[in-house]
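S.K.: Structure incoming, see below.
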Amino acid sequence: MRNGPRAVSLDLDNTLVDHSDAVALAFRTVLESLASLIDTRGVEQRFRAAGTRFKAEADRAGLPWWDVRDQWAEALAGRGVPDGELDSIAARFTEVMDRSVRPFPDARPALLQLGSLGLPVVVLTNGDGRRQRAKLVRTGLMPLVDAVVASGDLGVHKPHERCFAAAAAAVNVAPGDLLHAGDDAVHDVKGAEAAGVRAVHVRRGHPPSPGSVPDLLALTARLRGRTPQEDSCWAMM
């Protein structure tokens, strides 16, 4: 594996596990519980719009995510929901979301293949360490990774370079010997590159390109059998 990485770090949400479907299920569950109490028309559109804006603001500020209570407050504004109820709504949403997370079909076989290649794997994730580790346990992926680095334990969040330095240290390699893969162009790709870590964008449903893969098995295929041209692609990442 000439010029190849000595370890791999992987994002968790929407890279190893399907966070988006879990969010959608949690939203529907909460909205159904509110349907007999308030007019829910337009709430989904406002919820999505608020989430898009909050994420853009968080990315610009170098922050992880936002308080989902604020997102619900904006989505339900003017619907007569008492402010005191927002805490329980946000808690219910989070509980359903976390327990509904499922691994992508390629996650387990990809992790097994990385192990067979002798590449240590660290999960590098933004979020609360306890919750993120619980997702790995619940989905059965925890035994297949060597370390977990969560931004909530560090006090800084991807794309901060300290996150990638911590991931490299967790598997005892230099940042330049680490390859990071994740779905977020800002948190995962730009963050890794700024920290001197090679990066691959996991873009599910898109054709592969020199800087991206459509899933994690495509990533392991690149690592398993690269051509000379692919070696030069890795060197540019």
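S.K.: Roughly speaking, what is the centre-to-centre gap between region 146-192 and region 71-110 when only Cα atoms are used, to the nearest Å?
M.R.: Between the Cα centre of region 146-192 and that of region 71-110, the gap is 26 Å.
S.K.: Further question: Taking a point 7 angstrom from the Cα of Ser88 along the C-beta vector, which residues in region 35-64 have backbone N less than 15 Å away?
M.R.: Correct set: 35-38.
S.K.: Then there's this: Using 7 Å Cα-to-Cβ label points, what is the Arg204/Arg131 separation (nm, one decimal)?
M.R.: In this crude spin-label approximation the distance works out to 1.9 nm.
S.K.: At R0 = 45 Å, how high is the FRET efficiency between Asp21 and Ala169 if r is their beta carbon distance? Nearest 0.05 is fine.
M.R.: Given R0 = 45 Å and the Cβ-Cβ separation, E is 0.85.
S.K.: OK, next. When only alpha-carbon atoms are used, what values of Rg and Dmax, in angstrom, describe region 22-61?
M.R.: Cα only, region 22-61: 12.3, 38 Å (Rg, Dmax).
S.K.: Divide by every residue of the chain the summed helix terms, -39500 (n - 2.57) for each DSSP H run of at least 4, and state the resulting mean residue ellipticity at 222 nm, rounded to the nearest 500 deg cm²/dmol.
M.R.: -14500 deg cm²/dmol
S.K.: Just how much of Lys158 is accessible, in Å², when a 1.4 Å probe is used and the result is rounded to the nearest 10?
M.R.: The value for Lys158 is about 0 Å².
S.K.: Just the number, please: percent antiparallel of the DSSP beta bridges in the chain, rounded to the nearest 5.
M.R.: Here the share of antiparallel DSSP bridges comes out near 10 percent.
S.K.: For region 68-104, state which trypsin sites (Lys or Arg not before Pro) are in a DSSP loop and have at most 16 other beta carbons lying within 10 Å of their beta carbon.
M.R.: When the trypsin sites (Lys or Arg not before Pro) of region 68-104 are filtered for loop state and at most 16 Cβ neighbours within 10 Å, Arg79 remain.
S.K.: log10 I(q)/I(0), Debye, Cα-only region 127-188, no solvent, q = 0.16, 0.19 Å⁻¹?
M.R.: With no solvent term, the Cα-only Debye profile gives -0.54, -0.78.
S.K.: Can you list, largest first and rounded to whole Å, the semi-axes you get for region 1-87 by taking the square root of 5 times each eigenvalue of its Cα gyration tensor?
M.R.: For region 1-87, the ellipsoid semi-axes come out as 35, 15, 10 Å.
S.K.: For Arg198, enumerate residues with amide H under 5 Å from its amide H, sequence gap 5+ or separate chain, H modeled in the peptide plane.
M.R.: For Arg198, whose amide H was placed from the backbone, the distant partners under 5 Å are Leu178, His180.
S.K.: Further, regarding this structure: List, in order, the whole-Hz ³J(HN,Hα) value for each residue of region 77-83 obtained from phi through the Karplus relation with A = 6.51, B = -1.76, C = 1.60 and θ = phi - 60°; use x for Gly and Pro.
M.R.: 4, x, 9, x, 7, x, 4
S.K.: Per residue, how large is the accessible surface of region 68-143? Use a 1.4 angstrom probe and give square angstrom.
M.R.: Heavy-atom SASA per residue in region 68-143 reads 45 Å².
S.K.: Of the accessible area of the chain, with the probe set at 1.4 angstrom, what percent is carbon plus sulfur?
M.R.: In the chain, the share of accessible area belonging to carbon and sulfur is 53 percent.
S.K.: How are the Cα pair distances of the chain distributed, in percent, across 10 Å bins from 0?
M.R.: 8, 31, 33, 18, 8, 2, 0
The values are calculated or read from the model by the stated rules, or taken from the named source; none is laboratory data. Small disclaimer: the values here were computed from a predicted structure and weren't measured. Cβ coordinates were reconstructed from backbone atoms using ideal geometry, including for glycine residues, and neighbour counts include every protein chain displayed. The accessibility values were calculated without ligands, DNA or RNA, using every heavy atom of the protein model including side chains. Shrake-Rupley method; radii C 1.70, N 1.55, O 1.52, S 1.80 Å.
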